[in-house]
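Shown next, in structure tokens, is the structure this report addresses.
Just so it is clear, none of the values below were taken in a lab; they were calculated from the coordinates. If you're wondering where the values come from, they're calculated on a predicted model, not measured in any experiment. Every residue, glycine among them, receives a Cβ derived from its backbone with ideal geometry; neighbour counts consider all protein chains shown.
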Amino acid sequence: MRLGVLDIGSNTVHMLVVDAVRGARPDPAASGRSVVRLMRYLQPDGSISAEGVDALLEAADRAAALAREYEVDESLALATSALREATNGPEVLAAIEERVGVPIEVLSGPEEARLTFLAARRWHGWASGRLMVLDIGGGSLEIASGLDEEPDVAVSVPLGAGRMTIEHLPDDPPTAHQVAALRTHVRGVLAEALGEIKALPRPDHVVATSKTFRSLARLAGMKVAVVGPEERWRMERSQLSDWVPRLARIPAAGRTELPGITAERTYQIVAGGVVAEETMKALRVAEVEICPWALREGAILRRLDQI
């Protein structure tokens, strides 16, 4: 079938169109995304502002147009932390559903982690052994670990790069005090949240997904030689620790001159780097490999398994 997956995230609204056959690798046919940066539209009462709703609906219209252009047979629509937590989330979701013509599945944080873990497991295979997956979104951080396609533990904590930027790094560039305070906050949240993950056996392989991790790896990591045309990256914690303080001293506009830092991520890459570094420290992870598959691919694989 030709399958469309609409991912309404905290930073982007992304429509991925694939030609999908059970037992085969999903073959991308088209992809379109709109940068919304939804966290900046959150109001003090927890609602999304009218301007933010308009931006979401415009993005939904573009996604629906792409699905029509490529004659999608079936569409899936997913929403994650920003809409899940917004006080006017149900009303906004209803308006988007009317535009795209399909119901939107609102994922919990652990459900996000499980779908992303499924995608990473299929990509890296059984030879990767006990797998741990780290995923930094705009609103939350997901961590999952296990031996099978269903993780033994899947957790989600409100440490997304966009959320941490708005709550802790208001200045551009942030002050040293603001960055230090963010580190203290991240360490405190992780100390309370990682008990189940730390109780598991040590992973054989640790991988990271999300645009934040990919951007950081392109900046601070190293390319790995692999078969095929796709680039693959690894990043050591020591490399990340070296770059985060330097990133924090550069204004957002100047960071786009660096490799891997795009205009849509530049405002939140410092917070993302702090969360990534502190998460790797807390879990005693020395190196991560970047996995090109994540939540959308996990949703596709789950749907194909159901056919």
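When only DSSP loop residues count, what trypsin sites (Lys or Arg not before Pro) in region 1-69 have their Cβ near at most 15 other Cβ atoms within 10 Å?
Arg22
Can you tell me which of Gly101, Gly139, Gly23 moves the most in a GNM of the chain? Springs connect C-alpha atoms under 10 Å apart.
Gly23
Of Ile96, Pro259, Ala24, whose Cα points farthest to the positive end of the dipole of the chain (charges on the beta-carbon: +1 Lys, Arg; -1 Asp, Glu; origin at the Cα centre)?
Working it through, the farthest residue towards the positive pole turns out to be Pro259.
Please give the residues of region 110-151, grouped as numeric ranges, whose backbone N is less than 11 Å from a label point set 7 Å along the Cα-to-Cβ vector of Asp204.
Within reach of a label on Asp204, which here means backbone N under 11 Å from a point 7 Å along Cα→Cβ, region 110-151 contributes 125-131, 147-148.
Provide the gained length on full extension for the span Asp19 to Arg99, in nm with one decimal, where the gain is 0.36 nm per separating residue minus the Cα-Cα distance.
Gain on stretching Asp19 to Arg99: 26.5 nm.
Tell me which GluC sites (Glu not before Pro) from region 169-246 have a DSSP coil assignment and no more than 11 other beta carbons within 10 Å of their own.
Passing both the DSSP loop test and the Cβ count: Glu230.
Using θ = phi - 60° and the Karplus relation 6.51 cos²θ - 1.76 cosθ + 1.60, list the HN-Hα couplings for region 134-145 in order, rounded to whole Hz, with x at every Gly or Pro.
Whole-Hz 3J(HN,Hα) from phi for region 134-145: 10, 9, 9, x, x, x, 8, 10, 10, 9, 9, 8.
What is the diffusion coefficient of region 230-275 in µm²/s, taking the Kirkwood radius over Cα pairs and the Stokes-Einstein relation at 37 °C with a viscosity of 0.692 mPa s?
Using the Kirkwood radius from Cα pairs, D works out to 292 µm²/s.
Straight-line reach from Lys223: which lysines have a Cα under 23 Å away, not including same-chain ones fewer than 8 places off?
Reachable lysines: Lys211, Lys281.
Per residue of region 242-252, in order, report the coupling 6.51 cos²θ - 1.76 cosθ + 1.60 (Karplus, θ = phi - 60°) as ³J(HN,Hα) in whole Hz, putting x for Gly and Pro.
Values, residue by residue: 6, 8, 4, x, 5, 4, 5, 8, 9, x, 4 Hz.
May I ask you to compute the full-extension gain from Ala65 to Ala191, defined as 0.36 nm times their residue separation minus their alpha-carbon distance, rounded to one decimal in nm?
Gain on extension, Ala65 to Ala191, equals 40.9 nm.
Principal axis lengths of region 1-148 from Cα atoms, whole Å, largest first?
That works out to 48, 36, 21 Å along the principal axes.
Can you list the GluC sites (Glu not before Pro) in region 250-279 that are in a DSSP coil and have 13 or fewer other beta carbons within 10 angstrom?
Glu257
Given the Cα-Cα distance of Thr262 and Arg249 and 0.36 nm per residue of separation, how much length would full extension add, in nm? The partial results should precede the final answer.
Numbers: separation 13, 0.36 × 13 = 4.68 nm, distance 1.71 nm.
Using 0.36 nm per residue and subtracting the Cα-Cα distance, I get 3.0 nm.
In whole Hz, what ³J(HN,Hα) sequence does region 163-175 give by Karplus (6.51, -1.76, 1.60; θ = phi - 60°), x for Gly and Pro?
Using θ = phi - 60°, the values come out as 4, 5, 5, 5, 7, 10, 10, x, 8, 10, x, x, 7 Hz.
Find the centroid of the Cα atoms in region 1-64 and in region 200-226, then give the distance between the two in whole Å.
One Cα centre to the other: 24 Å.
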